[in-house]
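Asker: Submitted below is the structure of interest, expressed as structure tokens.
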Amino acid sequence: MEHAAVLIVGAGGLGAPVAHILQRAGVGSLTLVDPDRVEEENLHRQILYRDADIGRPKAEVAASRVGAQAQVMRLDEHNGPELVRRHACVVDGTDSFRMKFLLNDLCLEAGVPLVHAAAARFQGQVLLVRPGGPCLRCLLPEPPDADTDECSRTGIFGPAAGAVAALAAAEALRALQGVSEPSQLLLVHLGTGRLDRTRLRALPGCRCAAATDALRAPA
Ligand SMILES: [Zn+2]
């Protein structure tokens, strides 16, 4: 675990605590990517930040607190492939559908396990996508038209962010340990205390199958 490198995309209410947990768990190298700055309105659920951090780049502040490397930039299709390939696991802590689908595709192409984390109101979802799938597109083939920016529209109950971050970190650790189970979706509801697990089914013709074939093909 001390030689494992994990890429965390989004250093907000999910990504920052995931980084904290993984660092405490002994993950050797963490990279935090986020283009945004700390804002006053989300301090209540972004537990690594304090009032004095307002206005500073989230990735830098969070990285300094957990001994990670910071990349203050927006990950995209140009800078993403190389960054993903340099890591043994990727955690998506963003609230952007576009970013979730981009990371899904980049990780499938690179054969790197990916943990999607999302929270809104009292609910959270954690989706572990293994190389070869099934993947996010097996659940939802294309991103919704508008990027709804779910969490700034609906808000997040603070403990829901913490619960999702802990589950996402645990899934990342399982992926790093090579636990070979199919991709799975965890749903947590803080209003009822329920936690459900669903095995993902591959959608026939999904790109995750093609990506697996490409990875298996001799060079
Ligand atoms: Zn798929």
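The values are calculated or read from the model by the stated rules, or taken from the named source; none is laboratory data. Quantities reported herein were computed from a predicted structural model and do not represent experimental measurements. In this analysis, Cβ positions are derived from the backbone assuming ideal geometry, glycine residues included, and neighbour counts consider all displayed protein chains. SASA here: full protein model, heavy atoms, side chains in, ligands and nucleic acids out. Shrake-Rupley method; radii C 1.70, N 1.55, O 1.52, S 1.80 Å.
Asker: List the residues, sorted by chain then number, that are 5 or more residues from residue 121 or on another chain and whose placed amide H is less than 5 Å from its amide H.
Answerer: 155, 156, 157
Asker: All other residues with a Cβ under 15 Å from the Cβ of residue 173 taken together, and with Lys, Arg as +1 and Asp, Glu as -1, what is their net charge?
Answerer: Values: positive: 24, 130, 174; negative: 2, 171, 181.
Within the 15 Å Cβ shell, the charges total 0.
Asker: Could I ask something else about it? For residue 94, list long-range residues whose amide hydrogen, built 1.01 Å from N in the peptide plane, is under 5 Å from its own amide hydrogen.
Answerer: Here the answer is 117, since their amide H atoms fall under 5 Å of that of residue 94.
Asker: Sorted by accessible area (1.4 Å probe), largest first, how do 47, 8 line up?
Answerer: In descending accessible area the options line up as 47, 8.
Asker: Right, here's the next one. Determine ³J(HN,Hα), in whole Hz, for all residues of region 74-83 in sequence, where each value follows from phi through the Karplus function 6.51 cos²θ - 1.76 cosθ + 1.60 and θ = phi - 60°; x replaces Gly and Pro.
Answerer: Along region 74-83, the couplings run 8, 5, 9, 5, 8, 8, x, x, 5, 4 Hz.
Asker: Between 0 and 90 degrees, rounded to the nearest ten: what's the tilt of helix 97-110 against the longest Cα principal axis of the chain?
Answerer: 50
Asker: So what's the net charge close to residue 55: Lys and Arg +1, Asp and Glu -1, counting the other residues with Cβ under 15 Å from its Cβ? Each step should come with its number before you reach the end.
Answerer: Working: positive: 37, 50, 56, 58; negative: 34, 36, 39, 40, 41, 51, 53, 60.
Spelling it out: positives minus negatives among the neighbours equals -4.
Asker: Let me ask something else. With θ taken as phi - 60° and the coefficients 6.51, -1.76 and 1.60, list the Karplus ³J(HN,Hα) couplings across region 134-142 in order, rounded to whole Hz; mark glycine and proline as x.
Answerer: x, 10, 4, 6, 6, 7, 9, x, 10
Asker: Given the -39500 (n - 2.57) contribution per DSSP H run of 4+ residues, what per-residue ellipticity at 222 nm results for the chain, rounded to the nearest 500 deg cm²/dmol? Intermediate results must be reported in sequence, preceding the final value.
Answerer: On the way: 8 runs with 77 residues, N = 219.
-10000 deg cm²/dmol, from helical runs alone.
Asker: Report, to the nearest 10°, how far helix 158-176 tilts away from the longest principal axis of the Cα atoms in the chain, using its own Cα long axis and a range of 0 to 90°.
Answerer: Approximately 40 degrees, to the nearest 10.
Asker: For the chain, with a Gaussian network of springs between Cα atoms less than 10 Å apart, report the residue from 79, 42, 104 with the top mean-square fluctuation.
Answerer: 79
Asker: What ranking of 129, 179 comes out by heavy-atom accessible area, probe 1.4 Å, highest first?
Answerer: On the way: 129 5, 179 45 Å².
Largest accessible area first, the residues go 179, 129.
Asker: Can I ask one more? Just by accessible area at a 1.4 angstrom probe, what is the order of 44, 189, 116 from largest to smallest?
Answerer: Numbers: 44 120, 189 60, 116 10 Å².
From most accessible down to least: 44, 189, 116.
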